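Only one structure is covered here, and it is reproduced in the block below.
What follows draws every value from the coordinates through simple rules; no lab data is involved. The shown structure was predicted, so the numbers you read here are calculated from the model rather than taken from an experiment. Here the Cβ is made from the backbone with ideal geometry for all residues, glycine too, and neighbour counts use every protein chain on show.
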Amino acid sequence: MNDYEKIWEGYLEDNYFPSWARLVKTIEYSEFKNIVLNDYGKTKDLILDMLAGDIIIIKNAISKNDVKKIKDDLYEYSKSTPESDYKTTEVIPNFHVKSKRRDASEDKGTRGYKIQDGYDEVGHSYYFYRWNKDELKIFNKVKDLWDTVKIFNGLDINQYKNNLPKDKIIDQIQIIHYTANEGEITSHCDMSRWQKTNLTVSLTEKGKDFHIGGQYFLDENENRVYSEDLVKVGDAPLFISTIFHGVESTDYKGRWQLLATSIQSQCVKDRTISHSLINFKKNPKKVLESYRRNNI
Ligand SMILES: [Fe+2]
């Protein structure tokens, strides 16, 4: 724990996590790290901006060489490793799995998650856990960045790193390939109680790997706020995932994104779930209350 935890928790005593995007801003990684490590006042301002709905794109967060290596290694890994699907109810291996568009008659998604009205996820996901050997050196490549983000989130630099599913909160890296012309995720919000901000790293960029679609957020009028024009390979969009977000299907090579965050394992009974926009609007207050409560 560190001093920043008091800023986050103090805010949450009287407020809910945000649902709507305000501004999309950029900051160089070197400057962000310097602020987080050395400047309490500026860090506090950044935290409160994010709680007001700002999305911060950390520029040049990991090197383009490291991104290329990750994608090359995943290509080889997916060729040599069959698809499989595991739940985090126990210590599981790293794995990869495709999620397909659900059939309207199904009430379960490919991975067994409860599907709600208007919530669809189509893509090819690779999951990595800290208890496995870091064979592709993926945790290693984001270590400095993720450690800085943990501190910014008011966490201890090593918090959750040694956790196992039975400890209920675990670190997970999910790398998603939103395949061209089909990959997408519709507007939804996720719980972000422990690591307050999602750490994503863009492994592709608009204008080179794809020309249409990509990530968006919703503002308070439910208009889409597009962020891809500000994002290059190796940049790290940071956002509170209770803010409505989604990914529109792309063209050409599709879109690749790494997501590093601390999530509830499937050992948690009655896990707090993600909500589609339609589902959220049935009872916003109930969802916001559940996102503020720490159910662990
Ligand atoms: Fe999400």
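General observations
- Nearest-20 debye value, the stretch 3-292 charge dipole, Cβ charges on Lys, Arg, Asp, Glu: 500 debye
- Helix-derived mean residue ellipticity, 222 nm - over the chain, DSSP H n ≥ 4, -39500 (n - 2.57), to 500: -8500 deg cm²/dmol
- Ranked by the mean number of other Cβ atoms within 10 Å of their residues, highest first, the peptides 51-61, 273-283 come out as 51-61, 273-283.
- In the stretch 3-292, Cα pairs under 8 Å separated by at least six residues give a relative contact order of 25 percent.
- 17 Å Cα-Cα reach of Lys141 towards aspartates and glutamates, excluding residues that sit fewer than 8 places from it in its own chain: Asp66, Asp72, Asp73, Asp171, Asp235
- Legend: residue pairs Lys69/Lys196; Lys87/Lys196; Lys133/Lys168; Lys71/Lys133, Cα-Cα distance threshold 26 Å; pairs beyond threshold, Lys69/Lys196.
- With 29 Å as the limit, the listed pairs Lys150/Lys282; Lys64/Lys281; Lys100/Lys281; Lys33/Lys232; Lys42/Lys166 have Lys150/Lys282; Lys64/Lys281; Lys42/Lys166 beyond it between alpha carbons.
- Directionally averaged shadow of the chain, computed from the convex hull of its alpha-carbon atoms, nm²: 14.3 nm²
- Rule-of-thumb Rg ratio for the stretch 135-181 [Cα; 2.2 N^0.38 Å; N residues]: 1.39
- In terms of its Cα atoms, the stretch 45-95 spans 46, 34, 15 Å along the principal axes, sorted from long to short.
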